[in-house]
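Only one structure is covered here, and it is reproduced in the block below.
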Amino acid sequence: RAAAPQLAAIGLAAGLASGLLGIGGGTIVTPALALASPLPQAAVLGTSLLAMLPPSAAALVAHRRLGNVDARMGAALAVGTALGSALGSSVAVDAPRGALELMFMGGMLFLSYRTFRTVRR
């Protein structure tokens, strides 16, 4: 098991990234937890999802106060992500060893590439 201070540091980094950039669970907690704990990848994913509920709610409240939330768009996205999450979770449970890690790596590489392409020089 990972030590509490190590988990708190991972959480601090994820919370900061969540509030600042709207990221955290998938990009910070998931890989850090996979490295810091003996959990299998499916358990890392579930634990990461649980850990991101409070910071997501806190960041939402702050951004709502600032007028940065489009409620209609958010509601539509929520429906889609709920359905996709249910499907993805059922697939993740039965994924062969190493498959989730490879998919995660591919997704992060793709997002990194797309992000860097949009940076204006």
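The values are calculated or read from the model by the stated rules, or taken from the named source; none is laboratory data. Treat the numbers as computed from the prediction; the structure is a model and nothing was measured. Note that we place each Cβ from the backbone using ideal geometry, even for glycine, and neighbour counts take in every protein chain shown. Heavy atoms of the whole protein, side chains included, go into the accessibility calculation; ligands, DNA and RNA do not. Shrake-Rupley method; radii C 1.70, N 1.55, O 1.52, S 1.80 Å.
Residues being without any contact (Cβ under 8 Å) to a residue 24 or more places away in the chain, exposed (fewer than 10 other Cβ atoms within 10 Å of the Cβ) and small (Gly, Ala, Ser) are entirely absent from segment 102-114. Among the residues of segment 68-89, those that are of a type outside the set (Val, Ile, Thr) and open to solvent by 80 Å² or more (accessible area, probe 1.4 Å) comprise 68, 70, 72, 73, 77, 83, 87. For first residues located in segment 52-67 and exposed (fewer than 13 other Cβ atoms within 10 Å of the Cβ), partners that are in a helix (DSSP H, G or I) and lie 6+ apart or on another chain with Cβ distances below 7 Å form the pairs 62/19.
All conditions but one from (1) open to solvent by less than 60 Å² (accessible area, probe 1.4 Å); (2) without any contact (Cβ under 8 Å) to a residue 24 or more places away in the chain apply to residue 36; the one that does not is (2).
The set of residues in segment 90-101 that are open to solvent by 60 Å² or more (accessible area, probe 1.4 Å), assigned to a helix (DSSP H, G or I) and without any contact (Cβ under 8 Å) to a residue 24 or more places away in the chain comprises 90, 91.
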